[in-house]
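In what follows, a structure is listed as structure tokens, so that the remarks can point back to it.
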Amino acid sequence: MLAKTYAAAVNGLNVQIVTVETSVENGQQVILTGLGDEAVRESLSRVRTAFRYSNIHFPLKSITINLSPANLRKEGSGFDLPIAIGILAADEDIPTDRLGDYMLMGEIGLDGKLKPIKGALPIAIKAREKGFKGLIVPKENEYEAAVVNNLEVYGMETLLNVVDFLSGNSDAEPLVYDTRKVFSEQQYKFTLDFADVKGQENVKRALEVAAAGGHNLIMIGPPGSGKSMMAKRLPSILPPLSLSESLETTKIYSVAGKMQAGQSLISQRPFRSPHHTISQVALVGGGTNPAPGEISLAHNGVLFADELPEFNKQTLEVLRQPLEDRKITIARAKYTTEYPCSFMFVASANPCPCGYYGDPTHNCICTPGQRSRYMSKISGPLMDRIDIQCEITPVPFKDLSKVKEGEPSASIRERVIRARKIQEERFSSLSQEDERYSNFESRIHCNAQMSERLIHRYAEPTPEGLELLRTAMERFSLSARAYSRILKVARTIADLAGSESVEPVHLAEAIGYRNLDRGDWAER
């Protein structure tokens, strides 16, 4: 008899329906076709053993299984469940009348228990799109898949549970889950808060400006000055994720297998901090079995590069295009995959090889040439994509010993949200107002994403501000690339102040965030 069950193949964030066609006839040969990888080919061995330990009869007949479309590469162990159910249906051990209503995905252990799979959320979205009544997944994946509305999601613990359900011998109910309620409850739960940070008011202000405009930022200072401490608290002042942003981010984590058991949505902006020994593939994604890299796992959040000059220079260079395009296309001989990667890039660095340049309590033993060579490990094109450069010094003991807490993240976040709303209103109607703007420009959400044309349109300073900027560029030998960055940051500072125009006071603060562009920085 021929039976059909339905599964899905995940390629990047794209999902394609796979029909598992199973034929059981007289004979002894077992054949699996359909371009499956090693994990798929091993499926029959797992299924056969799981049948035995579940007291299910495995047919001693000729079994042919085809994963259609046969020219589509299939990867992973999630095809175990549809293959097992297909064998039982083709051998007439379970009825076939309900198989067309449900998509099945799950790895089967040798004892018959179902184990979690990758990509449950995008698979659930595809199941609803294709009109399936429901989706059957392992118990650990049920909350993740139940995020999708108008789809019955059943979390099963064992193969026998699935057999009983499809045979009509089970009273299993689909998981009912209020996505919006749970999402809103988890958005404001942070374990790290800026109230814990004593002193460093200028750096906290720089982080507030960066959060308000979506600007990339680098902090330069001696060890122990609090660079990592403050960077880890940055997500607590960023605007909360929208539900659509949360779904985008959750899909990436689902495909990467990074979702925790019982987790449904990523409700807070991601914070990824890869070690400086990370490889290019781990950073941008790819590999033998394509997987999202750190830049995609930081989508809609923060990518923090601690001790930036210690990273391999070739590895850092792969960040240049993703920082501009906000997506990464991985092209290999056997596949081409695209992942989104719209993130804030935040970095920290020591100012010199010994680490103590500018530290009032330690003497720096490095020469100006050594300091320049150390910072030159960060290439000009990459530094060109960092809007805010902030110098930081250790907090004196008198400030550390204060009992009074700093300003809490919630207060800073309110100001950031107000500034972001101003920017969203400013950029929301670009494509309708002027057809010259490209699709890329029409998707601008914050000041950091402005093109040169938009800078001249929205961030043009007053005559007094323009004179101040000209004087600063001449006096501090600022590079030409600093000009546009200063105007972007000044526009954000003006938004935080609720000002329609970019005033000299806003430009003065923005100029102060370009310390590394000063020609005499290493010699001061």
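The values are calculated or read from the model by the stated rules, or taken from the named source; none is laboratory data. This is a predicted model, so every value here is computed, not measured. FYI the Cβ positions are ideal-geometry reconstructions off the backbone, even for glycines, and counts take in every protein chain you see. Quick note on the areas: whole protein, heavy atoms, side chains included, nothing else; ligands and nucleic acids left out. Shrake-Rupley method; radii C 1.70, N 1.55, O 1.52, S 1.80 Å.
Can you run phi through the Karplus equation (6.51, -1.76, 1.60; θ = phi - 60°) for segment 374-381 and list ³J(HN,Hα) in whole Hz, with x for Gly and Pro?
So the Karplus estimates, Gly and Pro as x, are 5, 6, 6, 4, 8, 5, x, x Hz.
So, taking all protein chains as they sit and a 1.4 Å probe, how much accessible area belongs to Val148, in Å² rounded to tens?
10
Rank Lys251, Lys74, Lys232 by accessible area, highest first, at a 1.4 Å probe radius? Walk me through the intermediate numbers first.
Details: Lys251 55, Lys74 0, Lys232 105 Å².
Sorted descending by solvent-accessible area, the residues read Lys232, Lys251, Lys74.
Note down the accessible area of Asp196, probe 1.4 Å, to the nearest 10 Å².
80
Tell me, what ³J(HN,Hα) does each residue in segment 497-506 have, in order and in whole Hz, if you take phi through Karplus 6.51 cos²θ - 1.76 cosθ + 1.60 with θ = phi - 60° and put x for Gly and Pro?
Values, residue by residue: 8, x, 9, 6, 10, 8, 9, x, 5, 6 Hz.
What pairs from Lys232/Lys488; Lys313/Lys488; Lys139/Lys251 go past 20 Å between their alpha carbons?
Numbers: Lys232/Lys488 24 Å; Lys313/Lys488 27 Å; Lys139/Lys251 18 Å.
Beyond 20 Å: Lys232/Lys488; Lys313/Lys488.
Return one whole number: the accessible area per residue of the chain in Å², for a 1.4 Å probe.
Working: 23460 Å² over 524 residues.
Per residue, the chain has an accessible area of 45 Å².
Defining a contact as two alpha carbons under 8 Å apart and six or more residues distant in sequence, what relative contact order in percent does segment 101-217 show? Show your work: numbers first, answer last.
Numbers: 144 pairs, mean separation 22.3, N = 117.
Once normalised by length, the contact order is 19 percent.
Please enumerate, by chain and number, the lysines with C-alpha under 27 Å from the C-alpha of Lys61, excluding those fewer than 8 residues away in the same chain.
Partners found: Lys4, Lys74, Lys113.
Mind ranking 76-82, 477-483, 222-228, 134-140 by how tightly packed they are, going by the mean number of other C-beta atoms within 10 angstrom, highest first? Walk me through the numbers before you get to the answer.
Numbers: 76-82: 26.9, 477-483: 16.0, 222-228: 19.3, 134-140: 24.3.
Listed from highest to lowest mean packing, they are 76-82, 134-140, 222-228, 477-483.
So, counting K/R as plus one and D/E as minus one, what does the shell of residues with Cβ under 13 Å around Ala282 add up to? Walk me through the numbers before you get to the answer.
On the way: positive: Arg272; negative: Glu294.
Charge balance near Ala282 sits at 0.
What's the magnitude of the charge dipole for segment 1-106 around its Cα centre, counting Lys and Arg as +1 and Asp and Glu as -1 at the beta-carbon? Answer in Debye, nearest 20.
On the way: 9 positive and 12 negative charges, 34 e Å.
It comes to approximately 160 debye.
In what order, largest first, do Val489, Val395 sit by accessible area if the probe radius is 1.4 Å? If you can, show how the numbers build up before the last one.
On the way: Val489 0, Val395 35 Å².
From most exposed to least exposed: Val395, Val489.
Probe radius 1.4 Å, ligands and nucleic acids left out: which of Tyr188, Tyr102 has the largest accessible area, and how do the rest follow? Don't skip to the answer; put the middle values down first.
On the way: Tyr188 140, Tyr102 5 Å².
Per-residue accessible area, sorted high to low, gives Tyr188, Tyr102.
Express the carbon and sulfur contribution to the solvent-accessible surface of segment 1-99 as a percent, rounded to the nearest whole number, probe 1.4 angstrom. Let's see the in-between values first.
Numbers: 1970 of 4490 Å².
Result for segment 1-99: 44 percent of the exposed heavy-atom area is carbon or sulfur.
Give me, ordered by chain and number, the residues 5 or more places off Met156 or on other chains with an amide H under 5 Å from its own placed amide H.
Val137, Lys139
Output the lone cysteines of the chain: those with no second cysteine's C-beta under 4.7 Å from their C-beta.
Cys341, Cys354, Cys364, Cys390, Cys446
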